[in-house]
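Peer 1: Sharing a structure, written as C-alpha cells. Questions coming.
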Amino acid sequence: MIAFILRRLAQAVLVMLTVAFIAFAMFNFVGDPINNMVGQDTSLQDREALRQSLGLNDPLVLRFGRFVANAAQGEFGVSFRLAEPVSRLILNALPATMELAIVAALLAVIFGVMLGVYTGLYPNRWLSRFFLTISLIGVSLPTFLIGILLILVFAVLLGLLPSFGRGEVVRIGWWSTGFLTWSGIKALILPSITLGLFQMTLIMRLVRSEMLEVMRTDYIKFARARGLTNRAINFGHALKNTLVPVITITGLQLGAIIAFAIITETVFQWPGMGLLFIQSVQFADIPVMAAYLILVAVIFVVINLIVDLLYFAVDPRLRIDGGRSGH
Amino acid sequence: MQITVRFLDTFRRAADSDIYFSFRSSRLVMVATCVTAVYFLAAIFAPLIAPQNPFDLASLQLLDAFTPPVWMEGGDWRFPLGADDQGRDVLSTIMYGSRISLAVGFLAVLLAMLIGIAAGLVSGYFGGTVDAVIMRIADVQLSFPAILIALLIDGVTRGVVPKEEHDKIAFFVLILAIGLSLWVQYARTVRGSVMVEKNKEYVQAARVIGIPPALILVRHVLPNVMGPVLVISTINLAIAIITEATLSFLGVGAPPTTPSLGTLIRVGNNFIFSGEWWICIFPGFVLATLVLAVNLLGDWLRDALNPKLR
Amino acid sequence: MSSPSRQPLLEVRNLRVEFFGRRGRLLALDDVSFHIDPGEVLGVVGESGAGKSLTGASIIGLLEPPGRISGGEILLEGKRIDNLPYEELRRIRGRQIGAIFQDPLTSLNPLYRVGEQIVETIRTHLPMSEQQARKRGIELLQEVGIPSAAERFDHYPHQFSGGMRQRVVIALALCAEPKLIIADEPTTALDVSIQAQIITLLKRLCRDHGTAVMLVTHDMGVIAETADRVAVMYAGRIAEIGPVQDVVKRARHPYTHGLMGAIPEMGADIDKLTQIEGAMPRLNSIPPGCAFNPRCPSAFDRCREEKPYLLPVERSQVACWLYDETGARREAAHG
C-alpha cells in the first residue's frame, strides 16, 4: 500500500512538473516579458540590464528551477492586465469558485447516484426511461445554454432568484463566504444547478450501467439465493460494488467541475477564478493564465490522490499487498 | 478504393442492423437524421435561401432593430424570427452562423482525426519509447477537459499574435484549438487496432516481401478502424460544435464580424433582461437541437456498428 | 431412501419453463416431474444446456427474465411455492432451501468479510443477536473444516483459496438449517484434488443435519458416489430417473446408456469407451417425438412422432417407448 501511494505521488509530481513547464514556457516564449514590464521608450541597455537583473539570461534549467520554486511559494508575478500580484487576485477569487464547485459537486453526486441507482434497479419503469431521456438532453445542451435558460425562467420571467453575482458575502479571515447570508445562498442556486447538471447526468448514467452490471454478478445471485432482503441486496451489496468505478469517474468529474466553472461563472458573472481566467485569456494575461493552470493542475492531482486513497477504503482486495484478486 | 468499399460495407452493416431496433428508437433516429439534414442544407445554402444577408451593411436599418418574431405584436414578415439589436434578421444570422459553427466543427474533427490516426498508427506500429511518449501525452491531456485545452491554446495564440491580426485568424485558431483537444480518442482506438493487426500473418508476410510499413498500415490496418473512427467522429462533431459555441460564448472564439451560433448567443444574452429573448433563444434552440440530433446519430451508429450490444 | 408412505420434501410436477424472446418462445423445460424425500440426495445429470441448472433456479424462484415458469407446480412439504409472492419466497430461500453455486470465486461479495456475509444471512432468517450469530457463524466455519475459524471469520473472500471459499459458501448455504440444498455444479470450478474433499464434506454435513440435496452435475463419478437417486436430463426433459445403482449399472434409456458408456470404469468388461454420435439439439430445433431420436441407435417410427412420457420400469421411470407395455420387452434389442 505504501509503495502504491509513493508511486502515485511520484506520478503526481511528474504531472505537476509537466504542467509547470508548460506554464513556464508560456511565460518565456509567449511575447517578451520585458515588453510587458517597461514602457516603449526604455533603451536597449536598460532592457538588457533589467533582463540581466531578472535572471532572464540564465540557463533555461536554472530559470525553470526558479520558476518552480516561486510557484511553490505561490509567487507568480504581476498581472499584465490589472497590475496586481497574481497570488492576491487568485486568492480573492478562490473562495467564490470553491463554494460554487462544492455545492455543484454535492448536487451532482447526490442526485446522480440516487437517479442512477433508481434507473439501474428498475430499468423498465417509465420514470427510468423519462430520466434517461432527460439525461441525454442534459448531455447535449451546452452548459451556458442551460444557464441562460435558467436565468430567463427564474430570474427574468419569475423574478425569483438573482441572475448574477454572489449576493452578500461574509468575510472570515481571507475567505469570503456566501453560505451565511440569505442572498448569498439564493445567488448560489442557479449557478450551482447549471454547473452540476452535466456532471449529474454523467454520474447517473455511470451508476446506472454499473448497477446493471453488478446485478448480473454471481454474488448478487447468491445473495438472493440466501434469501437476503432486497434492501440489503440493492443498497448493501450492489451499491457498494458499484462504488469503485463510480469513485474514479466522479473524482475526475470533480476536477472537471472546477474547469467548467469558467463557463458558469461567465454566464452568471460569478466573481471566481474562472471569470478571472477567461478575462486573462481575452487579454493574453499570461501570469494569471499560468497561475490558474498550475492551480487547476494541483486540484486535479490532489483529487486523484484522494480517489486513490478512497479505493483502499472501499476495496479490501487492494489493502493486502500480493493478495489474490477475486476476479 | 478499399477504404471506400469498407466504408460502404460499414454503412450497409449499420443499415442492416437497424432492423433489430425497435420502431420507436429508429423513428427517433429518423427525426434526428431529418433535423441534421435540414440544418446542414440551410447552412450550406444560406447565401441562396436566407431572407437577408446580415453582413451586407447597406441592407440593414437600425429602425428594424428589436423587431419581435412575426407571431408577436409588432412582428414583421421580413423578420420571421425577429431582428437583433442592429436590425439583422435573426433567421438569417442563424443560417450564416450555422455555417461557421459547422465549418469549424467539421474541420476541427478532420484535424483531430488526422492527428489522432497518425499518432495511433505510429504509436501502435513502432511501439517502445515512441508509443510510451505519445500515450503518456494522451493520458495527461485526457485528464484535463477539452475546453480547458482549447482555451489555453487560444490564450497562447492571443499572446503571440497582435490583437488586430487575431480576428482574421480566429477561425483557424478555433479549428486548431478544438482539433488538438480531440485527437486522443482516435489515437487510442487506432493504436489498439494496429497492435492487434500488426501481428497477424498477412502483415508479417507483407513485411517479409518488403512492402514498406507505411503502405501496410494504410492498406490493411486503416480499413479495420473505419467503423470506430466514424462513430468517434460523429460524437466528436457534437463535442466540437459545443466547444466552438462555448468558446465563442466566452468571447474567445468566432469574432462578432463572422459570428457563429455561440457568438450570436453571447450577443443575444445581453438582451435577455430587456425582454428581447428571441435574439438569444432561437440560436440557442438551433444549437441545442443540432447537437442533440448529432448525438443521437452517434449513439445509434455506435450501437449499430457494435455487435456486442445486440 | 425413497419411501412412498412419507410425504416428499420437494415435489416438482409437470414443470414447464419458457423463454420469451424477440423470435418467439423457446421451451427450455418440458414437463419435468420428480420429487426429493427428506434427507435424500438426488443427483441431476446431463449435458450443459439440458436444463439442470434451470430446474434448480426455478425451484428457488430465481429464474432470470426472459425465462418464466409457464406450467406445472413446485411443492415444498405439500405447499405450492412456485406462485408465492416475492417476499414469501424470499423467506423460503436460505431458510428452507439453500443454494450453492458453481463458482466459489464469484459467489462471495469481495467487499465484505466472510463473517459479515454469514452473520447477515443468519440474522435475516433467525432471531439472533449479532453476538449469537457470530458465535454460530464461527462454529459453522469450524464445521465446514476451515482451520482457525475464529480468526478467518474476519477475513475477506480474496484471502481464501478456491476450495476454502467453497467451504464458506457451503457454510452460508447451511447457516439457517435449510431442509434442502440445491448444489449447482459445486465442484466444477475447483481443482480435481479438492473436488473429492468438497463432495465428501457436503455429503457428511447433509447426513449430519438431515438435509436433502439436489446435486446438479455433469460428473457421473460424483453422482455414483454421492446420490441416492439420479435424474438424467436431456434437452429440457427428464430421460430417466431412478435409484443410483439401477441407473448407473443398468441404464434403461439409450441416452443414459451412452452416458454411462462414456465413463471409464475399473475392471469393467467393456474394452473401449463408447461415445454418443452427434450433439444435443438446441432449444429452437428440438425434433418432434423423443428429443433423442436422431442420435438414438434403437429409434423406431413412434420415437419420431410421439413424445415419450415417464414409464415405470422396476424401481425407475424411463421416458422411452422401448419400455411401453412391459418394461423389459425390447431391452434385448439394444443390449
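Peer 1: For residues in segment A:30-50 being more than 24 Å from B:Arg158 (Cβ to Cβ) and outside any loop (DSSP other than H, G, I, E, B), which is modelled with the lowest pLDDT?
Peer 2: My answer is A:Leu50.
Peer 1: Also: Might you let me know whether segment B:124-141 holds any residue that is within 10 Å of another protein chain (Cβ to nearest Cβ) and not charged (D, E, K, R)?
Peer 2: yes
Peer 1: Could I ask something else about it? Only one of these is among the polar types (S, T, N, Q) and surrounded by fewer than 16 Cβ atoms within 10 Å (Cβ to Cβ): C:Gln131, C:Gln166, C:Gln159. Name it.
Peer 2: C:Gln131
Peer 1: If you don't mind, there's one more thing I want to ask. From the list A:Phe268, A:Phe222, which residue is surrounded by 24 or more Cβ atoms within 10 Å (Cβ to Cβ) and more than 30 Å from A:Ala93 (Cα to Cα)?
Peer 2: Details: A:Phe268 fails: more than 30 Å from A:Ala93 (Cα to Cα).
Residue meeting the stated conditions: A:Phe222.
Peer 1: In segment C:242-256, which residues are crowded, with 24+ Cβ neighbours inside 10 Å and part of a strand (DSSP E or B)? Please lay out each step first, then the result.
Peer 2: The initial filter retains those residues of segment C:242-256 that are crowded, with 24+ Cβ neighbours inside 10 Å, namely C:242, C:247, C:252-256.
Within segment C:242-256, C:Gly242 is the sole residue that qualifies.
Peer 1: Given the residues B:Ile242, B:Ile147, B:Ile153, which is the only one that is among the hydrophobic types (A, V, I, L, M, F, W, C), farther than 26 Å from B:Ala304 by Cβ, within 14 Å of chain A (Cβ to nearest Cβ) and crowded, with 22+ Cβ neighbours inside 10 Å?
Peer 2: Sole residue among the options that is among the hydrophobic types (A, V, I, L, M, F, W, C), farther than 26 Å from B:Ala304 by Cβ, within 14 Å of chain A (Cβ to nearest Cβ) and crowded, with 22+ Cβ neighbours inside 10 Å: B:Ile147.
Peer 1: Taking the residues in segment C:102-160 that are more than 9 Å from chain A (Cβ to nearest Cβ) and among the hydroxyl-bearing types (Ser, Thr, Tyr) as candidates, determine which candidate is farthest from C:Arg91 (Cα to Cα).
Peer 2: The extreme case among them is C:Ser148.
Every residue, every condition in (1) at pLDDT 90 or above; (2) in a loop (DSSP other than H, G, I, E, B); (3) among the small types (Gly, Ala, Ser), yes or no:
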position	(1), (2), (3)
C:Ile181	yes, no, no
C:Arg204	no, no, no
C:His218	no, yes, no
C:Ala224	no, no, yes
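Peer 1: Condition first: more than 21 Å from C:Gly242 (Cα to Cα), among the hydroxyl-bearing types (Ser, Thr, Tyr) and assigned to a helix (DSSP H, G or I). Can you find one or more residues in segment C:44-56 that meet it?
Peer 2: no
Peer 1: B:Leu305: in contact (Cβ under 8 Å) with a residue 24 or more places away in the chain and either over 21 Å from the mean Cα position of the chain (by Cα) or within 12 Å of chain A (Cβ to nearest Cβ) (or both), yes or no? Before you say what the answer is, go through the steps one by one.
Peer 2: Numbers: in contact (Cβ under 8 Å) with a residue 24 or more places away in the chain: yes; either over 21 Å from the mean Cα position of the chain (by Cα) or within 12 Å of chain A (Cβ to nearest Cβ) (or both): no.
The answer is no for B:Leu305.
Peer 1: For segment A:269-297, which positions are facing chain B (nearest Cβ under 10 Å) and of a type outside the set (A, V, I, L, M)?
Peer 2: Listed by number, the residues that qualify are A:Gly274, A:Phe277, A:Gln279, A:Ser280, A:Gln282, A:Phe283, A:Asp285, A:Tyr292.
Peer 1: Condition first: more than 9 Å from chain A (Cβ to nearest Cβ) and under 18 Å from the mean Cα position of the chain (by Cα). Now tell me which residues in segment C:161-180 satisfy that.
Peer 2: Answer for segment C:161-180, where residues must be more than 9 Å from chain A (Cβ to nearest Cβ) and under 18 Å from the mean Cα position of the chain (by Cα): C:Gln166, C:Ile170, C:Leu174, C:Pro178, C:Lys179, C:Leu180.
Peer 1: Same structure again: Just one of the numbered conditions (1) over 12 Å from the mean Cα position of the chain (by Cα); (2) touching a residue at least 40 places away in the same chain (Cβ under 8 Å); (3) assigned to a helix (DSSP H, G or I) is not true of A:Gln269; which one?
Peer 2: Just one mismatch for A:Gln269, condition (3).
Peer 1: Filtering segment C:76-101 down to residues that are part of a strand (DSSP E or B) and more than 9 Å from chain A (Cβ to nearest Cβ), which residue is surrounded by the fewest Cβ atoms within 10 Å (Cβ to Cβ)?
Peer 2: Among residues in segment C:76-101 that are part of a strand (DSSP E or B) and more than 9 Å from chain A (Cβ to nearest Cβ), the one surrounded by the fewest Cβ atoms within 10 Å (Cβ to Cβ) is C:Lys79.
Peer 1: Based on what the data block shows, is A:Ile278 within 14 Å of the chain's Cα centre (by Cα) and under 28 Å from A:Leu152 (Cβ atoms)?
Peer 2: So A:Ile278 fails the test.
Peer 1: Here are some residues: A:Val113, A:Val61, A:Val109, A:Val103. Which one is free of Cβ contacts under 8 Å to residues at least 24 places away in the same chain and either part of a helix (DSSP H, G or I) or touching a Leu at 6+ places or on another chain (Cβ under 7 Å) (or both)?
Peer 2: Selected residue: A:Val61, the only one of A:Val113, A:Val61, A:Val109, A:Val103 that is free of Cβ contacts under 8 Å to residues at least 24 places away in the same chain and either part of a helix (DSSP H, G or I) or touching a Leu at 6+ places or on another chain (Cβ under 7 Å) (or both).
Peer 1: Which one of these is within 11 Å of another protein chain (Cβ to nearest Cβ) and of a type outside the set (Asp, Glu): A:Ile146, A:Ile172, A:Ile134? Steps first, please.
Peer 2: Values: A:Ile172 fails: within 11 Å of another protein chain (Cβ to nearest Cβ); A:Ile134 fails: within 11 Å of another protein chain (Cβ to nearest Cβ).
Among A:Ile146, A:Ile172, A:Ile134, only A:Ile146 is within 11 Å of another protein chain (Cβ to nearest Cβ) and of a type outside the set (Asp, Glu).
Peer 1: Something else about it: Do we have any residue at all in segment B:2-22 that's at pLDDT below 70 and not in a helix (DSSP H, G or I)?
Peer 2: Quick first cut of segment B:2-22, residues at pLDDT below 70 only: B:2-22.
This time we only want the ones that are not in a helix (DSSP H, G or I), so: B:21-22.
Yes, segment B:2-22 contains a residue that is at pLDDT below 70 and not in a helix (DSSP H, G or I).
Peer 1: Here is a further query. Against the condition away from chain C (no Cβ under 14 Å) and in contact (Cβ under 8 Å) with a residue 60 or more places away in the chain, how does A:Leu212 come out, does it pass?
Peer 2: Details: away from chain C (no Cβ under 14 Å): no; in contact (Cβ under 8 Å) with a residue 60 or more places away in the chain: yes.
No; evaluated as a whole, the condition is false for this residue.
Peer 1: Is there a residue being within 12 Å of chain A (Cβ to nearest Cβ), over 18 Å from B:Ala146 (Cβ atoms), surrounded by fewer than 23 Cβ atoms within 10 Å (Cβ to Cβ) and small (Gly, Ala, Ser) anywhere in segment B:282-296?
Peer 2: yes
Peer 1: Further, regarding this structure: Check off (1) more than 11 Å from chain A (Cβ to nearest Cβ); (2) β-branched (Val, Ile, Thr); (3) crowded, with 21+ Cβ neighbours inside 10 Å for C:Thr188 and give me the number that stays unchecked.
Peer 2: (3)
Peer 1: Take the residues of segment A:225-248 that are more than 12 Å from every other protein chain (Cβ to nearest Cβ) and under 24 Å from the mean Cα position of the chain (by Cα): which is surrounded by the most Cβ atoms within 10 Å (Cβ to Cβ)?
Peer 2: A:Val246
Peer 1: Taking C:Glu116 and the conditions (1) surrounded by 17 or more Cβ atoms within 10 Å (Cβ to Cβ); (2) under 13 Å from the mean Cα position of the chain (by Cα), which numbered condition does it fall short on, given that it satisfies the others?
Peer 2: (2)
Peer 1: Quick one: how many residues across segment A:274-320 are aromatic (Phe, Trp, Tyr) and either surrounded by fewer than 19 Cβ atoms within 10 Å (Cβ to Cβ) or in a loop (DSSP other than H, G, I, E, B) (or both)?
Peer 2: 3
Peer 1: Do any helices (runs of 4 or more DSSP H) lying entirely in segment B:169-265 carry at least 1 residues that are in contact (Cβ under 8 Å) with a residue 24 or more places away in the chain and within 17 Å of the chain's Cα centre (by Cα), and which ones are they?
Peer 2: Answer list for segment B:169-265: B:183-198, B:226-249.
Peer 1: State which residue is farthest from the chain's Cα centre (by Cα) when the search covers only segment A:124-164 and only residues that are assigned to a helix (DSSP H, G or I) and of a type in the set (Phe, Trp, Tyr).
Peer 2: Here the answer is A:Trp126.
Peer 1: Failed condition for B:Asp89, given (1) in contact (Cβ under 8 Å) with a residue 40 or more places away in the chain; (2) buried (at least 22 other Cβ atoms within 10 Å of the Cβ); (3) of a type in the set (Asp, Glu), with all others met?
Peer 2: B:Asp89 satisfies all of (1) in contact (Cβ under 8 Å) with a residue 40 or more places away in the chain; (2) buried (at least 22 other Cβ atoms within 10 Å of the Cβ); (3) of a type in the set (Asp, Glu) except (1).
Peer 1: Collect the residues in segment C:53-73 that are away from chain A (no Cβ under 14 Å) and crowded, with 22+ Cβ neighbours inside 10 Å, keeping them in residue-number order. Reasoning before the result, please.
Peer 2: Start the filter on segment C:53-73 by keeping residues that are away from chain A (no Cβ under 14 Å), which leaves C:55, C:68-73.
Scanning segment C:53-73 gives a single hit, C:Thr55.
Peer 1: Still on this structure, I have one more. Right, A:Phe76: surrounded by 19 or more Cβ atoms within 10 Å (Cβ to Cβ), part of a helix (DSSP H, G or I) and aromatic (Phe, Trp, Tyr) or not?
Peer 2: Numbers: surrounded by 19 or more Cβ atoms within 10 Å (Cβ to Cβ): yes; part of a helix (DSSP H, G or I): no; aromatic (Phe, Trp, Tyr): yes.
So A:Phe76 fails the test.
Peer 1: For A:Ile193, state whether it is in contact (Cβ under 8 Å) with a residue 40 or more places away in the chain and within 13 Å of another protein chain (Cβ to nearest Cβ).
Peer 2: no
The values are calculated or read from the model by the stated rules, or taken from the named source; none is laboratory data. Every value quoted in this text rests on a predicted model; they were computed, and no experiment measured them. No Cβ is skipped: glycine too gets one built from the backbone with ideal geometry, and neighbour counts run over all protein chains shown.
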